Amino acid sequence: MAIAAVEVQVLSSALHEGSPRRPFFVAGIPACATPAGLITSMPMAYAIAGEPAVGALGPFVAELRAALEDLGFERTEADEAALVVNVVDRARPRPFRRRSRGTFVAALHVLDASPPDPLREGYPVLVRALANLSLAFVPGEGVWFTTLERGSYLVPDARAVAARLAPLARSRLVIDNEFRPDLEPELWGGDEITASIAEAGRRLDTLGLLPAPFPVEELVDANDLRHIKRLYGIGGLSYGNLSARKDETRFWMSASGVDKARLETPGRDILLVSGYDAEHARIVLSVPPGIEPRRVSVDAIEHWRIYREHPDVGAILHVHAWLEGIPATEVNFPCGTEELAANVAELLAAEPDPDHAVIGLRNHGITATGASLEEILDRVAPRLLAQVPMS
Ligand SMILES: [Zn+2]
């Protein structure tokens, strides 16, 4: 119970600090997923923070301001902004410490030329600056975006950068967990479904589909690492997740930050998602008493929607890989946002057979549905491309 109390506290302070200055835009999201009282038509506020934008960065920042303001963003103080562009020194990125987790922070820095491996260049800046996104400006070329999901792509100019940032700053994370020690005793040791999830995790490992997480511990100290975990609602870095339906309303899902090749303990590595508390934007998990549960994967909200909207979907797999010719999301929303969940759900509903489908998450990976994880892997694995196209 103590854990539930902490989670609740984190959530309410985030909401309190974020309101009313940080309005939530939830256009296109059904009312069932919309916490009451959070919709407002207030304009979005942005701020440029950090180091002075000198050299070639000066004119770029001015263009970015103009482009954001054209999109309806208003300039404000960093403490009150929904979107903060934090100008950092690449060698020594100073974090912007947001007061509300709802604040979206992009760490902007300058490079002389496009890096040979933009992901390797941008990821450490993203992590060390405690940002949601790294933006590497290369004069004459554009801006390299790097995301926590290992996305890295070049965007040509300030106008395009602003257009990409706007929906991200408006997106809303659903990453709080409420643990209820009400799991029925016969499930404390797991069941045939948790066994199938563990088996699929091992199979993903054999297929080389579990990329090693970025060694974040080498980039930041323990304090900042805790901050990062809280910020993104993750238990640690790892990519991909698996889930399988338990019954009409519940599903088992892999925890966040665990090695998917070794999903061992039900209630800890594999969690039973038993509901979604839309009012408080919280994933509800049924756990055995006396176990210290991990957080569920941040994509639980996406899976929850899919299971609810498609009663015949038996399992869902998300990996950072790609398939030729699949429908894909337009906007690169971060993991765990309502917007990503809504986007995927919409594309899935438009598929001829939503129960056996594969949807692309732009610059990120795929979400596949099927009767079981085994069935999904049998169908999808032979066509999987390890490289996600970046655009
Ligand atoms: Zn992912």
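Here, each number is a calculation from the coordinates, and none is a lab measurement. Remember, predicted model here, so these are calculated numbers, not experimental data. Here Cβ is always computed from backbone atoms with ideal geometry, including for glycine, and neighbour counts include all displayed protein chains.
Of all DSSP bridge pairs formed entirely within the chain, close to 60 percent run antiparallel.
Each stretch of four or more DSSP H residues adds -39500 (n - 2.57); spread over every residue of the chain, this sum gives -9000 deg cm²/dmol at 222 nm. By the count of other C-beta atoms within 10 Å, a proxy for reagent exposure, ARG245, ARG268 are ordered fewest to most as ARG268, ARG245. Comparing Cα centroids, segment 316-385 and segment 159-194 end up 16 angstrom apart. In the chain, the alpha-carbon atoms span a convex hull of 131 Å³ per residue. In terms of surrounding Cβ atoms within a 10 Å radius of their Cβ, SER114, SER297, SER152 rank from fewest to most as SER114, SER152, SER297. Simple rule: put +1 on each Lys or Arg Cβ and -1 on each Asp or Glu Cβ in segment 132-253, find the dipole, and look at ALA160, SER134, LEU183; the Cα lying farthest toward the positive end is ALA160.
Applied to segment 238-249, the Karplus parametrisation 6.51 cos²θ - 1.76 cosθ + 1.60 on θ = phi - 60° returns per-residue 3J(HN,Hα) values of 6, 10, x, 7, 9, 8, 8, 5, 8, 8, 3, 10 Hz, with x for Gly and Pro. Residues with amide H under 5 Å of TRP188's amide H, sequence separation 5 or more or different chain, H placed in the peptide plane at 1.01 Å from N; which? So TRP188 has HN proximity to no qualifying residue.
Computed from point charges on the beta carbon alone (+1 for Lys and Arg, -1 for Asp and Glu), the dipole magnitude for segment 190-293 about its Cα centre is near 120 Debye. For the chain, a crude dipole built from +1 on the beta carbon of Lys and Arg and -1 on the beta carbon of Asp and Glu, taken about the Cα centre, is about 980 debye to the nearest 20. Toward the positive end of the charge dipole of segment 176-383, with +1 on the Cβ of Lys and Arg and -1 on the Cβ of Asp and Glu, the farthest Cα among GLY267, LEU361, THR206 is that of THR206. Along its principal axes, segment 43-170 has C-alpha extents of 39, 26, 26 angstrom, given from the largest down.
Taken as Cα centroids, segment 99-137 and segment 209-287 sit 23 Å apart, rounded to the nearest whole angstrom. Only Cα sites of segment 176-383 enter the Debye sum here, all with the same form factor; the resulting log10 I(q)/I(0) across q = 0.09, 0.13, 0.16, 0.18 1/Å is -0.31, -0.67, -1.05, -1.35, listed in q order.
Here the extension length gained between ARG99 and HIS280 equals 63.2 nm, from 0.36 nm per residue of separation less the Cα-Cα distance. Toward the positive end of the charge dipole of the chain, about the Cα centre and with charges on Cβ (Lys, Arg +1; Asp, Glu -1), which of ASN86, VAL388, VAL284 goes farthest? Most positive-ward Cα: ASN86.
For segment 305-320, putting each phi into the Karplus relation 6.51 cos²θ - 1.76 cosθ + 1.60 with θ = phi - 60° gives couplings of 4, 5, 4, 6, 7, 10, x, 8, 6, x, 7, 9, 10, 10, 9, 8 Hz, in residue order, rounded to whole numbers and with x for Gly and Pro.
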